[in-house]
Structures are given as C-alpha cells and as structure tokens.
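What follows is a single structure, written as structure tokens, with notes after it.
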Amino acid sequence: MTIQLTVNGAALTVDLPGDVPLLWALRDGLGMTGTKFGCGVAACGACTVLVDGAAVRSCQMPIGEVTGQITTIEGLGQPGNLALIQQAWIKHQVAQCGYCQSGQIMQATALLAENPAPSDSDIDAAMQGNLCRCGTYPRIRAAIHEAAQMMKAG
Amino acid sequence: MANWKKITRRSFMVLGAAVAGGAAFGVYKVTEVPPNPLQAAAGAVPLNPWVIINADGVTVIAPRAEMGQGISTTLAALVAEELDVDWAQVRVLHGPPAQAYFNAGFVDRMSNVPDFINASAPKSHNAIMAAVPKIFSMQLTGGSTGAIGGFEQMRLAGATAREALKAAAAQRLGVSADQLKTEAGMVIGSQSFTYAELAEEAVALVPSDVPLRDPSSWRYLGKPMPRLDMEAKSTGTAQFGIDTWLPGMKFATVRMNPKRGGAMKGFDPAPAMDIAGVEKVIDLGTGIAVVASNTWSAIQAAALVEIDWGHADYPTDSEKMMVRIERAFLEEADSRLRDDGDVQTELAKGGLIEAEYRIPFLAHAAMEPLNAVAWLKADGTLEIWCGNQAPIMTRDACAAAVGLEADKVTLHTPVMGGGFGGRTDTVPAVLAAKVALELRGTPVKVTWSREEDMTQDYYRPAAIARLTGRLDGQKATALWGKTAVPSAARNALNRMLGFAPPGPDRGSVEGGFDQPYGIPNYRYDGHISDLSVPLGFWRSVGNSMNAFFLESFIDEMAHAAGADPLAFRLELMEATHAPSAAVLAKVRDMSGWDALKRPGFGRGVAFCYSFGTPTAQVLEVQETADGIRMTRAWIACDPGLALDPSIIEAQMTGAMVYGLSAAVQGAITFADQQVVETNFYDYEPLRMQNTPSFEVAILQNNGKFGHMGGVGEPGTPPAAPALANALFDLTGRRGRSLPLGQEFDFAA
Ligand code: FES
Ligand code: FES
C-alpha cells in the first residue's frame with residue numbers, strides 16, 4: 001500500500017501496510033533512522049516526532065492515519081547547521097549513549113514552542129514521558145533552560 | 001607498521017624475562033607482537049593499530065567500545081595529547097576484532113586482594129597475570145577498565161606516531177629530529193609539513209626512544225573535553241547498530257523460549273503468515289524468527305506464531321527461587337575472601353546485631369533494544385553489524401554458527417545505545433547470522449522487541465545476605481557477612497566459553513569483603529547457589545548487591561551504637577585507608593550533613609570502594625503529600641588520576657540514577673517459569689521528575705600517581721543503601737528488601 005507523508009517539508013512515499021506505525025515507516029521504509037525505537041508502547045518517548053508542531057509518539061500512530069507536517073530530528077538541524085536547542089545540548093554535553101536524545105530534543109522543542117521560559121516543574125511535566133537509562137536528566141534540564149535563554153536572546 | 005613494535009616490546013620485555021624460566025604460557029605467545037589489523041587506503045595511512053593519518057587530521061582507532069561512557073573521547077585524548085593535533089582534527093572509530101586491541105586494564109580486575117591495599121602498592125602485577133589479557137586476546141569492554149588499559153598504550157601510540165612523523169621530516173630536511181617541533185598536526189622546522197604529507201614516509205621509521213610527556217605539560221588530559229560523539233548524538237546522525245541500513249534489506253525479529261533454556265517442541269507459523277508484509281518464519285531450533293518488509297509487522301506476526309515450548313530446569317516462580325537460593329547457606333562457604341582476626345571468638349561474647357537482606361533479579365534494559373544486522377553475501381562471506389563488548393568472541397561465535405572460518409566474517413561494532421553489561425553476550429549477533437543463512441544474499445536487520453529484550457536478558461542475580469556484628473560501646477568489633485547467590489560469572493562464562501575457572505567467586509562477595517573498614521574481626525563469605533536462571537554482568541556486578549547488604553548493615557550498627565552513621569563509618573576507615581575516609585569527609589561537607597537533619601526530611605549516606613574508586617554518596621529524601629521524593633544527592637569519588645572531569649561527573653551521576661532506578665522499583669520476577677515484567681511500564685526506571693539533583697566532587701588522592709580507578713560503575717553500588725538509609729532516617733523503618741517501592745510510598 002502506497003502512502004504519502006510530508007516529512008521535514010518533503011513529500012515522500014512509503015510502500016507499507018497502512019497499520020504500520022509512523023516510527024517504522026520512517027526507520028524501515030524511508031531509512032530515516034534518527035527517530036528511535038525504545039518500547040513500542042508509548043512508555044519511553046524515544047520515538048518522539050512533531051506532527052504540526054505537537055510532540056507525538058510515532059510508535060503509536062498508524063501511517064494510514066497521519067495527517068499533517070511531520071518533523072523529525074533530521075529536520076530540526078544537522079551538523080554544520082544546528083538548531084539552537086541542539087547547540088544547548090552540545091554546550092551542556094548532555095548525551096551519554098545518546099539513544100534517547102532524539103526523542104528528548106523533539107519533546108523539548110515542542111515544550112519551548114509552547115512555553116518559552118519553562119520552570120523546573122514545567123520541564124518535569126513535559127519531559128516525564130521521555131526515559132533516559134543513562135540518567136542524563138540533570139543535563140537535559142540545564143540544556144532546556146539554556147535553550148530558553150538563547151531563544152530569548154534571539 | 002614497524003614503529004608500534006616498540007610499544008609492545010616495551011610492555012613485554014619484562015614479561016618475556018619473567019616467563020622464560022618455564023612458566024605456564026610459552027614465551028613465544030607472550031612476546032609475539034600482535035599484527036596491525038589496519039590497512040592503508042587512499043588518503044588514510046595507519047601508523048600503528050591506533051593511529052591513522054588522514055588528509056585533514058587523525059583518526060584514532062579505539063580499542064574499547066562506546067556505550068555512552070565516553071571512553072572513545074578519552075582514548076582519543078590520550079593519543080592527541082602526545083600527537084600534537086588540535087581537538088577539531090580528531091575523529092574516533094572502533095577497531096575491528098583483533099588481538100592488538102586486547103584490554104591490558106583487565107589485569108586490575110583479576111586480583112582477590114582488596115584494591116584499597118593494591119592501589120597504593122607499586123604497579124608490579126604478577127607478570128603472568130599481566131600477560132593474560134593479551135594471550136587470550138581479551139578485546140573486552142567492561143569492568144570499568146577502558147581508560148586504565150589505554151593510559152599507557154594510547155599515549156605511546158600517539159608518541160611513536162609523532163616521533164615517526166618527525167623522523168620523516170628530519171630526513172627530508174637533512175636535520176636531526178630533535179631540532180623539529182610538532183604542533184596542530186604539523187612538523188615544524190626550517191620548513192613545515194602537515195602530518196598527511198609525511199605519513200607514507202613515516203610508516204617505515206621506528207623511533208629509537210619514546211618519551212611520554214610529563215603530566216604537568218598536559219593540554220587535554222585532566223580537562224573536560226568536548227565529547228567527539230556529542231554533535232552526532234544531538235542530531236540523530238550517530239549510527240547505532242539498530243540504524244544500520246542497507247539497500248534491499250529485510251527486517252526480522254526473534255522469539256525464543258520464555259522458559260529459559262527449555263526446548264522448542266514444535267510451532268505453527270500459519271497465523272503469522274496472515275499479517276501483511278510478512279515473508280517468512282524461520283526455525284532457529286531454540287525459537288523462531290519472522291522476516292517481513294518492516295520490523296513492526298515482524299513483531300506483530302512473531303507474537304501470533306503458535307509455539308510448543310518445553311520447560312526450563314529452574315523453579316516455577318520467584319518465591320520458590322528464593323527458597324532455592326536460601327538453601328545455599330546450608331553448604332559450607334566457597335568464597336571466603338576476607339577473614340581478619342577471629343570472628344567466631346568475638347561473636348561468641350554475645351550481644352549481637354543481626355539482619356537479613358533480600359534482593360531481586362534485575363534486567364539491563366538499555367534504551368536500544370538488542371539487535372544485529374547480518375548479510376551472508378554471494379561470495380560466501382558474512383558481514384555483521386552489532387553493538388557488542390567482545391568483538392573477537394562475537395565474530396568467532398558467528399563464524400561457528402554458520403560454518404565459516406573466522407576470516408570470512410567481518411564484524412562492525414557501532415556505538416551502543418547503552419550496555420550496562422548487557423551487551424557482553426554473543427547471542428544477538430549469532431541469531432542474526434543464523435537468520436542471514438536462511439536469506440542468503442539479502443541483508444537482514446534483526447530487532448528484539450522490548451518485551452523480548454527484557455524477558456530474554458541475562459540478569460543480575462537475586463540474592464540473600466545475613467550479617468552479624470558486635471559492638472563494644474560505640475566501636476564495631478566484629479562483622480560476619482554471608483551471601484547466598486547464584487554466580488553470575490560462572491553462569492556467564494559457562495555459557496560463553498564452555499567453562500568457568502574454579503576457585504572462589506569474587507562476584508558473590510565483592511563490595512562486601514573488600515571494603516576499607518578497620519573492623520578487627522571481619523569475615524565475608526559467599527555461598528554459591530545452584531539456581532540455573534540465566535545470569536550476566538550488570539553495572540558494577542557483585543558490588544551492586546554487597547554494597548546494599550554491607551552499607552545497610554553498617555548503618556544498623558551505627559544506629560545500635562547511637563552514633564552518627566557518617567561519623568561511625570569515618571572512624572572505622574580513617575586508620576585503614578585515608579583516601580576513602582577523605583571521600584566520606586568530602587561528601588559530609590558538600591551536603592552539609594549536619595544541617596540536612598530536619599523535620600520532614602531524611603538523609604542517608606553510603607560508601608563503596610569498587611573498580612579502584614572509593615565513592616561516597618549522600619541522598620536527601622522528603623515526605624510530601626504525593627509520597628516520598630528524592631530531592632538532592634551528593635557524590636564524592638576518588639579515581640586517582642582523573643582524565644576527564646566532565647565525563648566522570650556524567651558517569652557518577654548516571655550510575656547513581658541507574659542504581660536508584662533499581663532500588664526504587666527494579667525487580668525481575670518469575671511466574672510459571674517466565675519473566676513477568678516485559679516493558680518500561682512494569683520495569684520502570686526513574687524519570688525526569690523523580691530524579692534528584694546532583695553535586696559531584698572528584699578527588700585525586702587514591703593510590704600512587706598513575707593509579708586510575710574506573711568511573712562507569714562505582715556510582716551504582718552506594719545508591720540503593722544510601723536510599724534505604726535515608727528512608728530509615730525519615731521514617732524509622734528499615735527496608736531490608738529491594739526494591740524499596742514495595743514497602744515505601746514514593747511520589748510518582
Ligand atoms: S518507542 Fe514510542 S514511546 Fe517508546
Ligand atoms: S543518553 Fe543513553 S538513554 Fe539517554
């Protein structure tokens with residue numbers, strides 16, 4: 001079954017059954033492996049992408065039902081052309097294994113779009129669905145505050 | 001490749017002499033120089049197994065695997081320090097399976113003498129022991145040994161490369177090499193050359209002597225270096241094993257017997273074939289694989305295959321398993337690694353303090369589920385991509401599984417989405433190789449579902465401990481610890497190597513027998529249980545168990561003595577090991593220990609000397625309307641020489657989070673011989689909102705100069721007892737059974 005998706009501004013076609021979740025269409029169908037598989041049941045946040053700017057768990061969204069603009073980590077910024085939030089992540093040396101970080105960054109991007117100056121408890125509330133087994137939470141928190149500052153400074 | 005012979009010659013000269021007198025291993029094997037596995041390619045000249053000179057910089061070949069611990073950055077910094085390249089010119093890759101990448105650091109983990117005694121002795125390991133990692137081609141990442149093994153090796157690799165490049169420039173200019181300088185990837189003299197210009201000529205030039213730089217001149221070592229993998233990991237461009245993507249590849253998953261080790265008596269693939277996108281169900285003998293157009297369809301279909309599973313040879317449920325483990329106490333102790341003074345006589349005086357503790361099995365649950373990509377090509381060679389901690393062993397196991405010679409197998413070791421000891425096993429690569437055998441010519445990515453990853457793990461063992469102690473006034477005069485535990489090391493080595501060395505099982509007592517408490521009568525025993533649940537190495541291994549037992553019990557003794565628990569520990573340690581006492585004093589001062597005690601709050605302290613690094617932690621907890629919260633944590637550690645403070649801070653923090661996750665709610669349980677917990681909703685780690693804030697202090701007093709303790713694991717062992725001790729302080733209730741979330745009400 002051929003399905004049209006708009007990913008990072010590009011119209012793309014995948015040839016997979018309509019009940020396949022967006023996560024797997026990205027990873028297996030399109031070879032866009034920046035979005036990660038962690039649990040498959042909406043319990044870890046590793047698969048987080050933006051659909052029309054809102055953070056969603058792509059492991060829970062059948063491709064047949066996706067409507068809207070999808071943004072993945074690849075569309076946020078790349079080496080040499082980093083988004084502010086990625087610069088903050090690098091400044092705070094957040095990643096350890098790094099496997100959860102695509103999801104963390106996408107979730108934090110959605111948070112900052114909605115709330116440009118989040119408090120610690122705003123961060124807790126927004127990020128609670130994103131697991132990090134390496135325990136990078138303190139540096140994630142610092143990087144989100146930093147990104148908020150950077151955005152404010154323009 | 002000639003100039004790196006120097007490195008091994010230097011390291012093994014002493015050894016050759018030592019073993020020439022007829023020791024167990026042949027002189028030839030020991031002194032033999034492992035071949036350089038790297039080959040020159042256009043624009044890339046390998047000067048030794050660790051250094052490739054490229055047109056625009058240097059590629060460091062890391063002998064250890066990157067699982068998040070930052071080792072690739074530190075290993076590259078060791079090379080760069082001597083090679084005089086700018087940090088922006090440095091790249092790092094993982095080396096292929098090869099003896100040259102043996103881990104010399106493992107020798108630090110082979111002694112049964114407590115490290116607080118070893119660390120201050122001169123580094124003259126028994127020469128035979130020192131040769132073991134090389135003789136057995138131990139290309140292993142684990143035991144918090146990466147920087148230790150690389151400390152001399154990687155600096156020498158950089159220094160010999162630098163001197164060879166200088167020699168090449170000297171030849172061109174007709175001057176002696178000591179008239180030349182090196183800087184930012186250039187040799188500078190009357191005329192200057194980039195390293196790339198000189199690399200081809202340098203290959204043949206062996207430097208006559210390789211002085212290593214004095215630490216006072218270090219530019220990179222001892223400083224927080226920007227991690228070389230940070231940009232890739234912040235942009236989704238880091239290539240984990242699971243991200244391997246090849247044109248025309250198929251996607252598969254596996255399903256093995258949940259009654260671990262039981263047979264597969266038969267299966268019906270028909271229901272799986274009804275799922276759209278499914279192409280094939282493969283009989284793997286001990287389970288099945290489903291191949292599909294995408295991973296999700298494969299996972300859905302695998303769950304539908306009807307399989308007749310045989311039974312495992314262990315008890316049906318966790319309760320019966322604990323009964324089996326407890327039985328080990330009836331046998332004589334087989335692992336008594338400490339027996340100071342006369343415990344029995346002292347305890348016979350009566351007035352004893354006694355306690356029993358229990359801990360469950362634990363899963364590794366790394367964020368990246370197990371996976372491997374395999375491709376059996378038309379020319380009969382096999383190529384594998386699999387994050388792993390033991391490349392030579394993994395490659396050889398894959399070769400054997402598909403009936404190929406090892407030289408027909410290429411194994412890539414991509415960065416890993418966490419390991420924590422859970423990627424030591426060869427199983428994922430081997431199963432992927434078997435799937436590839438059935439798909440000859442087509443690459444296939446095999447991904448474990450989270451459920452399969454969790455229920456087919458090799459677990460941290462469950463265990464029971466009984467401790468007895470005696471006080472004379474406020475002083476501890478005797479301590480006798482006994483653990484009953486199935487041996488993770490024997491279980492894993494039997495599975496991977498087909499044998500396990502005899503003798504005491506360090507893992508069942510480490511973190512207990514080897515602590516610098518100057519209790520005059522101190523005995524610590526392991527009783528190995530015969531329970532046959534599959535086990536593995538879990539971050540900090542036996543220390544994760546025994547630190548909970550011992551540090552909870554020390555707290556109980558302090559309470560019985562009416563003493564402050566931190567001061568009680570400090571007094572027992574001061575005369576025995578000053579650096580250990582210093583980390584305790586440091587964590588006391590950082591946390592403002594005395595002022596932490598106030599209504600509504602609890603404070604707990606714990607200590608563990610593991611992997612060469614004494615580490616003390618203080619944890620603050622608070623009673624809130626939503627339940628108990630862990631609010632603030634302080635860590636003081638002393639790894640001796642600290643190569644990268646930013647990475648050490650991250651590892652200490654992450655390791656404590658890992659330990660606290662397990663302490664609050666980590667438990668793998670069994671029912672009907674199957675693991676009950678299957679995903680993060682029932683094996684729940686800490687999240688952003690219930691992780692405390694951290695402050696970390698790194699001291700550098702331990703051992704003689706050059707002593708390096710590990711940093712990836714020592715932060716885990718004190719976490720659980722620090723929490724249990726804080727909960728006691730808060731509530732007056734002593735949690736003697738993990739996870740503590742069973743007895744205490746934590747805020748979600
Ligand atoms: S993979 Fe989607 S939330 Fe875990
Ligand atoms: S950095 Fe490893 S899981 Fe988050």
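Values computed for the structure shown
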item	result
All positions within the stretch B:654-663 that are of a type in the set (A, V, I, L, M) and open to solvent by less than 10 Å² (accessible area, probe 1.4 Å)	B:ALA655, B:MET656, B:VAL657, B:LEU660, B:ALA663
Close pairs from the stretch B:648-664: first free of Cβ contacts under 8 Å to residues at least 40 places away in the same chain and more than 7 Å from chain A (Cβ to nearest Cβ), partner in a helix (DSSP H, G or I) and open to solvent by less than 10 Å² (accessible area, probe 1.4 Å), Cβ under 9 Å, at least 6 apart	B:SER661/B:ALA719
Odd one out for B:GLN171, checked against (1) surrounded by fewer than 23 Cβ atoms within 10 Å (Cβ to Cβ); (2) within 30 Å of B:LEU493 (Cα to Cα); (3) at pLDDT 85 or above	(2)
Any hit, the stretch B:199-209, residues being open to solvent by 70 Å² or more (accessible area, probe 1.4 Å) and in contact with a strand residue (DSSP E or B) (Cβ under 7 Å, 6 or more places away or on another chain)	yes
Residue match in the stretch B:275-291 (condition: of a type in the set (Ser, Thr, Tyr), farther than 30 Å from B:ILE384 by Cβ and either touching a His at 6+ places or on another chain (Cβ under 9 Å) or surrounded by fewer than 20 Cβ atoms within 10 Å (Cβ to Cβ) (or both))	no
Selection count where residues are open to solvent by 10 Å² or more (accessible area, probe 1.4 Å) and either within 16 Å of ligand 2 (Cβ to nearest atom) or within 16 Å of the chain's Cα centre (by Cα) (or both), scope the stretch A:135-154	4
Every residue from the stretch A:115-133 that is in a helix (DSSP H, G or I) and either at the interface with another protein chain (Cβ under 9 Å from one of its Cβ atoms) or touching a His at 6+ places or on another chain (Cβ under 7 Å) (or both)	A:SER121, A:ILE123, A:ASP124, A:ALA125, A:ALA126, A:MET127
Tally, over the stretch B:294-323, of residues that are open to solvent by less than 40 Å² (accessible area, probe 1.4 Å) and closer than 29 Å to A:MET1 by Cβ	8
Residue list for the stretch B:135-147, restricted to those being over 18 Å from B:GLY387 (Cα atoms) and open to solvent by 30 Å² or more (accessible area, probe 1.4 Å)	B:PHE136, B:SER137
All helices (runs of 4 or more DSSP H) inside the stretch B:171-277 with 2 or more residues being under 25 Å from B:LYS445 (Cβ atoms)	B:230-233, B:270-273
Whichever residue in the stretch B:427-448 is surrounded by fewer than 24 Cβ atoms within 10 Å (Cβ to Cβ) and within 26 Å of the chain's Cα centre (by Cα) and, among such residues, is farthest from the other protein chains (Cβ to nearest Cβ)	B:VAL430
Top-ranked residue of the stretch B:73-95 - restricted to ones that are open to solvent by less than 10 Å² (accessible area, probe 1.4 Å) and small (Gly, Ala, Ser), ranked as farthest from B:LYS233 (Cα to Cα)	B:ALA80
Some residue of the stretch B:253-273 being touching a residue at least 24 places away in the same chain (Cβ under 8 Å), among the acidic types (Asp, Glu) and buried (at least 18 other Cβ atoms within 10 Å of the Cβ)	no
Entirely in the stretch A:1-114, the helices (runs of 4 or more DSSP H) that have 2 or more residues that are within 16 Å of ligand 1 (Cβ to nearest atom), touching a Lys or Arg at 6+ places or on another chain (Cβ under 8 Å) and assigned by TED's automatic domain parsing to the domain that holds A:ARG139	A:101-114
Within the stretch B:667-688, considering residues that are away from ligand 2 (no atom under 16 Å from the Cβ) and farther than 14 Å from B:PRO258 by Cβ, the one least open to solvent (accessible area, probe 1.4 Å)	B:ALA667
Selection count, the stretch A:1-20, where residues are more than 7 Å from chain B (Cβ to nearest Cβ) and either within 16 Å of ligand 2 (Cβ to nearest atom) or of a type outside the set (Val, Ile, Thr) (or both)	11
Matching residues, the stretch B:229-244, being open to solvent by 50 Å² or more (accessible area, probe 1.4 Å) and in contact (Cβ under 8 Å) with a residue 24 or more places away in the chain	B:GLN239
Residue within the stretch B:513-524 that is more than 21 Å from B:SER580 (Cα to Cα), charged (D, E, K, R) and at pLDDT 95 or above present	no
Close pairs from the stretch A:21-43: first facing chain B (nearest Cβ under 7 Å), partner surrounded by fewer than 22 Cβ atoms within 10 Å (Cβ to Cβ) and acidic (Asp, Glu), Cβ under 6 Å, at least 6 apart	A:GLY34/A:GLU74
The stretch B:395-410, subset among the hydrophobic types (A, V, I, L, M, F, W, C) and buried (at least 24 other Cβ atoms within 10 Å of the Cβ), residue nearest to B:ARG495 (Cα to Cα)	B:CYS398
Selected residue [within 16 Å of ligand 2 (Cβ to nearest atom), more than 19 Å from B:PHE240 (Cβ to Cβ) and out of contact with any Cys (no Cβ under 7 Å at 6 or more places or on another chain)] from A:ALA55, A:ALA95, A:ALA43	A:ALA43
Given (1) open to solvent by 10 Å² or more (accessible area, probe 1.4 Å); (2) more than 7 Å from chain B (Cβ to nearest Cβ); (3) on the phi < 0 side of the Ramachandran plot, index of the condition A:PRO79 fails	(2)
Unique residue being away from ligand 2 (no atom under 16 Å from the Cβ) and open to solvent by less than 30 Å² (accessible area, probe 1.4 Å) when the list is A:ILE63, A:ILE105, A:ILE73	A:ILE63
Test: residue in the stretch B:541-549 that is open to solvent by 10 Å² or more (accessible area, probe 1.4 Å), more than 30 Å from B:ILE668 (Cβ to Cβ), out of contact with any Ser or Thr (no Cβ under 6 Å at 6 or more places or on another chain) and in a loop (DSSP other than H, G, I, E, B)	no
Any hit, the stretch B:691-712, residues being within 13 Å of another protein chain (Cβ to nearest Cβ) and without any contact (Cβ under 8 Å) to a residue 60 or more places away in the chain	no
The stretch B:461-503, residues that are open to solvent by 10 Å² or more (accessible area, probe 1.4 Å) and either within 29 Å of B:GLU571 (Cα to Cα) or assigned to a strand (DSSP E or B) (or both)	B:ARG466, B:THR468, B:ARG470, B:LEU471, B:ASP472, B:GLY473, B:GLN474, B:LYS475, B:THR477, B:TRP480, B:LYS482
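The values are calculated or read from the model by the stated rules, or taken from the named source; none is laboratory data. These numbers come from a predicted model, not from an experiment. Neighbour counts run over all protein chains shown; Cβ positions are idealised from the backbone, glycine included. Side chains included, ligands, DNA and RNA excluded: accessible areas come from the protein's heavy atoms. Shrake-Rupley method; radii C 1.70, N 1.55, O 1.52, S 1.80 Å.
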